[in-house]
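Written below as structure tokens is the structure these notes are about.
The values are calculated or read from the model by the stated rules, or taken from the named source; none is laboratory data. Just so it is clear, the model here is predicted, and its values are computed rather than measured. Positions of Cβ are generated from backbone atoms using ideal geometry, with glycine treated the same way; all protein chains shown enter the neighbour counts. When the accessible area is computed, the model is the full protein with side chains, heavy atoms only, and any ligands, DNA or RNA have been set aside. Shrake-Rupley method; radii C 1.70, N 1.55, O 1.52, S 1.80 Å.
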Amino acid sequence: PARLGADFGVPREKLGTYESVNIVTPGDAATLFQAEGALPERFRVPPWVAYRDFRNKPYGVLLKTGEAWRSERLLLNKEALAPAAVPGFVPLLSAVGEDFVRRARAQAGLSGCWSGDFSQELFRFALESVCHVLYGGRLGLLQDFVQPEAQRFIEAVSRMFHTTAPMLYLPPALLRRLRSHTWRQHVQAWDAIFYQADKCIQNVYRDLRLQRKSRQEHVGILGNLILRDKLPLDDIRASVTEMMAGGVDTTSMTLQWAMLELARAPGVQEQLRAEVLAAKREAGGDREKMLKSTRLLKATIKETLRLHPVAVTLQRYTTQEVILQDYRIPPGTLVQVGLYAMGRDPAVFPRPERFLPQRWLQAGPKPFLGLGFGFGPRQCLGRRVAELEMQLFLMHILENFKIETMRAVEIGTKFDLILVPDQPIQLTLRPL
Ligand code: HEM
Ligand code: 2DC
């Protein structure tokens, strides 16, 4: 069978001009990912490709394919994903977490607690964090005065995601000819993203050239890439821009969900706090050491991403025939793993509606269950940064505050290209 078709009865879905096969079990995900070769490809979001073609900008790793993707990705992995990068990241990310706590304490000052929708605060926290590891310096977004430029960047990323969704399944050729309101807004959003990222990149480049920074200082992921001199500067810029944009809404929304779940499960919150405080006593405050003995903390993030994945699906184009649910799927088929659906399937996760980080700590293998960051060589490039950032944030918060939620309303999920809460999440931080 060379093509998908009704005569083969393949479970398929048509999205505009795109056809895909959809799977929802860990077993099928295992089959799919085990058959992926050295150059895995996912669905390339057409408006993102169209923007770069329109403005004649190079693709970063997010949109590159084939060998060009692989060689660049391997170089980026060394700086951003390798375990060897962790000791460098921990102090940088921990410092931003501490600043958030300081700010929260100040905000709690008068009334004794800090309540509200923390989205904006968390966007700033996330941007400050990712910039600290990318550029090795601080923007100062957790101060009282926030640079309007940083604020514009944050708004541009949200607008970029938001305007992608309605154009998601239009073919790029059509998109380029489009002069619609949505397309123009989308172009504006990316323009703002590239403009702000370029300014940050230029600063680092200039400092390095003028040797304003000693080699001892942390030069950041960007500085290391420039000093290594193995990638053309234009490619470095493209991927660093992607990382800066990819580091805002993803971790901030996940942290918001994590805090909501912990507020609704005070027992879990207490257990987690006990783990963190015990780890702190043992490690004498050494954050890197603490991270080695906080299993429940890691499980909490997995559990949060199970119920609230950032990506509604993972996708791969098959390169060889695979058998899924007794169907022969030909090479070149777009297959989607329904991450959101799988996370809430009682056959995969018993009592799926319950927030139970402990389920990740039970004995036995858990193959292809924790897929929040994707899988294999094409998995999330920012995974290490994101995990450390979120773990350190939650550590600092739990050491200092009780997390409460004011309302008992159910909060749903909506698709804004990434999955986000369908209404504002109201939280309270109460100093311990
Ligand atoms: C790709 C999730 C944070 C940069 C991805 C993918 C997922 C994902 C599911 C697709 C992986 C695949 O196809 O197997 C997440 C989640 C995050 C997060 C859940 C946080 C909670 C970040 C951060 C950055 C980032 C902080 C930047 C520092 C990227 C990039 C790619 C990617 C560049 C494309 C990689 C490639 O194609 O080679 N992410 N992400 N992400 N992510 Fe993340
Ligand atoms: C959106 O049907 C729904 O991590 C589509 O940091 C399939 C699809 C393809 C690629 C996914 C996308 C969905 C959601 C957002 C993801 C993206 C790959 C990377 C991106 C998951 C599921 C994200 C958020 C990156 C974004 C980096 C960008 C800002 C430069």
Report whether or not V312 is surrounded by fewer than 19 Cβ atoms within 10 Å (Cβ to Cβ) and within 12 Å of ligand 1 (Cβ to nearest atom). yes
Suppose the filter is in a helix (DSSP H, G or I), closer than 27 Å to I418 by Cα, out of contact with any Gly (no Cβ under 7 Å at 6 or more places or on another chain) and open to solvent by less than 50 Å² (accessible area, probe 1.4 Å); does T241 pass it? no
Quick one: which residue in G370, G376 is under 21 Å from L291 (Cα atoms), modelled with pLDDT of 95 or more and among the small types (G, A, S)? G370
Going by what's in this entry, would A386 be described as more than 27 Å from V86 (Cα to Cα), within 16 Å of ligand 2 (Cβ to nearest atom) and assigned to a helix (DSSP H, G or I)? no
Condition first: in contact with a Pro (Cβ under 8 Å, 6 or more places away or on another chain) and outside any helix (DSSP H, G or I). Can you find one or more residues in region 142-158 that meet it? no
